[in-house]
Amino acid sequence: MSERYALIGHPVAHSLSPRIHAAFGRQLGMAVNYGLIEIDASGFRAAVSAFAADGGAGLNVTLPHKEAARALCTTLSERARRCGAVNTLIRGAKGWHGDNTDGAGFVHDLTERHRLDLRARKVLLLGAGGAAQGVAPALLDAGIDTLWIVNRSPERADALSDRLGEPGRVHTRYWDDLPNLGVFDMIINATSAGRSTSTMLLPSTLAFERTLAVDLSYGEAAIAFLSWAKSTGCEITLDGLGMLVEQAAEAFRLWHGQMPDTDPVYAELRAEAVGLHSAE
Ligand code: ATR
């Protein structure tokens, strides 16, 4: 039975992950069996068990299962524990080991591909769901100055802040406070607003020309936030396509023990990025 890998989530139909993992495998001369498992929250545990019984060796986990994935792990990496969310599962002799490659992928994309220095930045994180949880610890480790978490439902921002455990550097504020927070050196859109029909209103006072604006989505889902950022004068605006490729490479390394070269895969996807649907 050959080892199987897959992305599990709902919806996953437009996912680029099978294509990315197949490209990594070709590059390294490996036949990678990576598929998609479309399942809603109620079927998650049963689907993971069935996958394991059928030769499943590793899973990427996306919406809405990142917290449920954490709950079924026998062991967790340090970074997954700090995130509170798991996006990569690795099958071991004693069960599933959970990790989270989102933060490493995010920081690698910004600092290595785009050569940006994150140190000493005052950072605004919009959102406190799975995507925000994934990147928050890695941002702190990258040497930012302060992290301001603002979420539509304030209790989720407080829960993330409590888990991060750095009260001097991490602050939460209400959405209505946004006009009073001054300007930021970096603003990250980790909400799913761009993937829904709902709109997200942001005051122009948050940004200036030196603000780095990053949307964790890509394609059409990133357009509204990045347009807002440009309209406030931000000179550097980035979407989440690079992060997508980097977090996949980090998962690939965990499963197969080899790190692929992400540049050609990123370049190929970037060439067609405008029409892409944002999904892992
Ligand atoms: P993901 O894995 O993409 O983070 P998620 O865990 O469902 O998905 O989280 C979605 C995030 O987008 C949440 O922070 C959500 O805010 P709530 O916690 O208040 O629901 C945020 N979000 C979604 N639509 C939004 C909107 N129109 N305005 C502001 N925040 C929004």
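General remarks:
- Of all residues in the range 113-134, those satisfying the criterion of being more than 10 Å from the ligand (Cβ to nearest atom) and within 19 Å of Met200 (Cβ to Cβ) are Val123, Leu124.
- Hey, Leu89 more than 15 Å from the ligand (Cβ to nearest atom), of a type in the set (A, V, I, L, M, F, W, C) and crowded, with 22+ Cβ neighbours inside 10 Å or not: yes
- Matching option when the condition is under 23 Å from Ser161 (Cα atoms) and not in a loop (DSSP other than H, G, I, E, B), among Gly43, Gly35, Gly98, Gly25: Gly98
- In the range 203-212, the residues that are crowded, with 22+ Cβ neighbours inside 10 Å and either in contact (Cβ under 8 Å) with a residue 60 or more places away in the chain or within 16 Å of the ligand (Cβ to nearest atom) (or both): Leu206, Leu212
- Residue list for the range 140-161, filter: within 15 Å of the ligand (Cβ to nearest atom) and part of a helix (DSSP H, G or I): Pro154, Glu155, Arg156, Ala157, Asp158, Ala159, Leu160, Ser161
- Top-ranked residue of the range 213-224 - restricted to ones that are in contact (Cβ under 8 Å) with a residue 40 or more places away in the chain and on the phi < 0 side of the Ramachandran plot, ranked as farthest from the chain's Cα centre (by Cα): Glu220
- Here the range 224-273 is the region considered, the condition is being within 22 Å of Ile187 (Cα to Cα) and touching a Gly at 6+ places or on another chain (Cβ under 7 Å), and the residue that is modelled with the lowest pLDDT is Ala273.
The values are calculated or read from the model by the stated rules, or taken from the named source; none is laboratory data. Just so it is clear, the structure is predicted and the values come from calculations on it, not from any experiment. Virtual Cβ from ideal backbone geometry, glycine too; neighbours counted across all protein chains shown.
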